[in-house]
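Right, one structure below, let's go through it.
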Amino acid sequence: MIPLAAVEEITGASGVAPRIEAALPVGVRARQLSVRTLLAGMCLAQADHRPAHLTRVHQALIGLPGDDQRRLGVTADWTRGPHLLTYRQTEYTFGLIADALGTDVPDGLPSGPLQGICDALLEASIPGQFKGASTSLAVDWTDLDSFSRPPPRGTRDCADPEASWGHRKNNLLRTQDELFYGYYLSAGIMMPEENGPAVPELARRATASSCRHDPVRAFAPVLTAMTAAGIPLGDILGDSGYAHRDAAAWAIPLRTAGAQLVQDLHPHDRGPKGTHLGAIIANGNLYCPATPRALLELGPPARDVTPEQATAHDGKTAELARYKLGRLTADDTDGYHRVQCPAAMGKIRCPLRPASLTLDRDRPEILMPPEHPQACCTQQTITVPADVNAKTRQKHDYPSAAWRRSYARRTGAEPGFATIKDPAASDIARGWCRLTGLAPLMLFTTTLLIVRNQRIVTAREARQQENERRAARGLPPKTRRRRRKTLATLTAAPP
């Protein structure tokens, strides 16, 4: 259970309560329930493993100690004496907030004020010592069911017309996706920097959108807005679902905002994809025209590879890097940069570059150069426009060992969704929130992510305190217990 003081500190630091109050209509009689108190009640309900029902929010507020009830306005002095907050007042205030933050014409996307409120709440849930600990984010999306029943075929008449049909993966043996009716929930989870210290995997940004909208296009403006808010973007770790979008939807906006992409390429985007001034376009880079085809078609190693196979794969990717045209300049204001032939940079030996033949023979050698050399072989440098490799260019060469180590951090996005889908905590399956519409669902989901962040921070502090106590007694840090016995341990055990 998260204490009330921690919840009030987050909602107060976000500064969203006055902004919402200013957007609400002013009635004849003052409301007993304030926005600040309602947000605290929503967080308390989620912290107590309760579903996202307004009745649970009301129960959380009237269950507070008497002093806190009076301070927060849950108990107010009326003409006939003290008055305890009713469920109808809770429902009325929440309805005003949902209407004020919703869009005039529901289109399945959050309004600007709603997204700004949720961003401010999530950012306030990040403790100060971790705000600058890392700029890397692992991004992913998942399904978020609507409580509404889907409309009959050919109509849109239902309790939640903003929702739509979507696809989600299932754990069944079949390979087909499963249909669901609702929204896509996208989130950005904090990950450690490359070769940096571990950081708590906190949800820093999130949004929800109808399944009729592309979740990648809906989440890109949320991330780029962080730079405008003074929060720098570092590595953005995404799977092939993000990398396969056209460059204008994902890669270009994020690079413009200062982010560096570390992403898996879709099978349709891997390998040679044309040429530019004679250089081969492949996997986000430009390569020598004489690069062996087998190296250009390298893909990431399988998950079950042996250490020997991984080492052999890394050797091939290192050899492929020798053939890559080297970048000489950064992108200018129009996105153009210049690259140079690998032989001119001393990475390979080529007869078209006589100076390169004096290099050691441990470098690859071009035995059959092109009969009609193009610009990449005859000029000292070539200019690469912004549209070349705009979608597939990323921080590390794909699929090198450096890329694999950096991309391994993306798995932190999976536990981020697993914690809010855990039936033992807060399962966001259908029925978790019985309110329809994007604004109510997104507000409750944001409070759930706030509670999740606080649980992670609290657990981390508890582990650190335990390690300090053990260190004071001369004991090593406590390690996690093995969850199960393996075949190796069973065979090694004495009979």
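Could you check how many residues of region 239-263 are closer than 13 Å to LYS395 by Cβ and among the charged types (D, E, K, R)? Write out each step before concluding.
Taking region 239-263 first, the residues closer than 13 Å to LYS395 by Cβ are 243, 251, 254-255, 258-263.
The next check asks that each one be among the charged types (D, E, K, R); those that pass are 255.
Selection size over region 239-263: 1.
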* Which residue, of LEU435, LEU441, is open to solvent by less than 10 Å² (accessible area, probe 1.4 Å) and in contact (Cβ under 8 Å) with a residue 60 or more places away in the chain? -> LEU441
* Which of the following residues is open to solvent by 10 Å² or more (accessible area, probe 1.4 Å), modelled with pLDDT under 95 and outside any helix (DSSP H, G or I): ALA429, ALA418? -> ALA429
* To do: Within region 175-188, identify whether any single residue is open to solvent by less than 30 Å² (accessible area, probe 1.4 Å) and closer than 30 Å to GLN464 by Cα, and answer yes or no.
  => yes
* Structure fact -> Residues of region 274-322 being open to solvent by 30 Å² or more (accessible area, probe 1.4 Å) and hydroxyl-bearing (Ser, Thr, Tyr), in sequence order, are THR275, THR306, THR311
* Structure fact -> Within region 198-217, the count of residues that are surrounded by fewer than 22 Cβ atoms within 10 Å (Cβ to Cβ) and either without any contact (Cβ under 8 Å) to a residue 24 or more places away in the chain or more than 21 Å from SER125 (Cα to Cα) (or both) comes to 6
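Given the options LEU84, LEU24, name the one that is touching a Leu at 6+ places or on another chain (Cβ under 8 Å) and either among the hydrophobic types (A, V, I, L, M, F, W, C) or loosely packed, with under 15 Cβ neighbours inside 10 Å (or both).
None of the others qualify; the one that does is LEU24.
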* Structure fact -> Scanning region 386-415 for residues that are among the polar types (S, T, N, Q) and not in a loop (DSSP other than H, G, I, E, B), the one least open to solvent (accessible area, probe 1.4 Å) turns out to be SER406
* Would it be correct to say that THR383 is surrounded by fewer than 23 Cβ atoms within 10 Å (Cβ to Cβ), polar (S, T, N, Q), modelled with pLDDT of 95 or more and over 30 Å from ASP99 (Cα atoms)? -> yes
* Does region 39-52 contain at least one residue that is farther than 30 Å from ARG455 by Cα, surrounded by 17 or more Cβ atoms within 10 Å (Cβ to Cβ), in contact with a His (Cβ under 9 Å, 6 or more places away or on another chain) and at pLDDT below 95? -> no
* Asked: Quick one: in region 236-273, which of the residues that are open to solvent by 10 Å² or more (accessible area, probe 1.4 Å) and closer than 15 Å to THR411 by Cα is nearest to the chain's Cα centre (by Cα)?
  -> ASP239
* Which numbered condition ILE231 misses (of (1) assigned to a loop (DSSP other than H, G, I, E, B); (2) without any contact (Cβ under 8 Å) to a residue 60 or more places away in the chain; (3) buried (at least 17 other Cβ atoms within 10 Å of the Cβ)) -> (2)
* Filter pass, THR358 being out of contact with any strand residue (DSSP E or B) (no Cβ under 8 Å at 6 or more places or on another chain), modelled with pLDDT under 90 and either open to solvent by less than 20 Å² (accessible area, probe 1.4 Å) or of a type in the set (Ser, Thr, Tyr) (or both) -> no
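The values are calculated or read from the model by the stated rules, or taken from the named source; none is laboratory data. Please read these numbers as outputs of a predicted model, since none were measured by experiment. Don't worry about glycine lacking a Cβ; one is built from the backbone with ideal geometry, like all the others, and counts go over all protein chains shown. Just so you know, the surface numbers come from the protein's heavy atoms only, side chains and all, with ligands and any DNA or RNA stripped out. Shrake-Rupley method; radii C 1.70, N 1.55, O 1.52, S 1.80 Å.
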